Amino acid sequence: MTKFEKELSSLPVSKITNYGDYWNKAQLLTVFKDWQPQQALPVVPDFIGKLINTFGAPEDGKHINYSASYLEIQKELDWIDNHQKTWLTALLIGFRVEKPQLFYLKAKELLVVGDYDHVEDLWLDCNKNFTPKKQDAHKFTQQEIDSMQTGSYELVPVEDGE
């Protein structure tokens with residue numbers, strides 16, 4: 001017996017009211033025999049979420065100006081080709097955009113020059129400058145890290161809530 005059937009069987013017996021008949025449990029079980037809980041929305045990468053959002057109803061009847069480079073279009077087509085079921089489900093029922101893992105970059109070797117008396121770690125900020133305070137450090141995606149010459153840094157994953 002499924003969870004749905006157990007919950008349904010615990011309901012009170014059907015009654016007749018001035019609004020008409022309630023269905024009895026046997027009728028409900030027949031109608032809902034193939035019922036499945038609502039599935040979670042598929043998770044898609046950010047670039048696919050942006051692509052799907054371009055299919056939305058344009059405001060004031062204007063056409064959406066979707067411009068992408070050949071490489072971006074190829075990346076989208078490759079993803080769609082490899083994830084057809086997820087793509088169609090996202091188009092039909094909706095989607096969630098995956099949250100990329102973020103990292104702090106911490107200097108592996110500590111070299112302090114200047115006014116920092118008690119510095120234990122140095123972190124990289126968005127301007128690629130050192131900062132002794134983790135809260136001032138930039139949160140980088142793996143893609144950003146791969147696109148720059150980071151040198152000798154330790155990847156420190158960003159925890160939820162940071």
Worksheet entry | Two-site label geometry, residue 96 and residue 133: point separation in nm, points 7 Å out along Cα→Cβ | 3.3 nm
Discussion item. I'd like the FRET efficiency for residue 39 and residue 81, computed as 1/(1 + (r/R0)^6) with the beta carbon distance as r and R0 of 25 Å, rounded to 0.05.
Written reply: 0.65
Fill in: Distance violations [Cα-Cα > 30 Å] among 50/106; 85/106; 75/139
50/106; 85/106
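All of the numbers you see were taken from the coordinates with simple rules; none came from a lab. Just so it is clear, the structure is predicted and the values come from calculations on it, not from any experiment. Because the Cβ atoms are built from the backbone with ideal geometry, glycine has one as well, and the counts that use them run over all protein chains shown.
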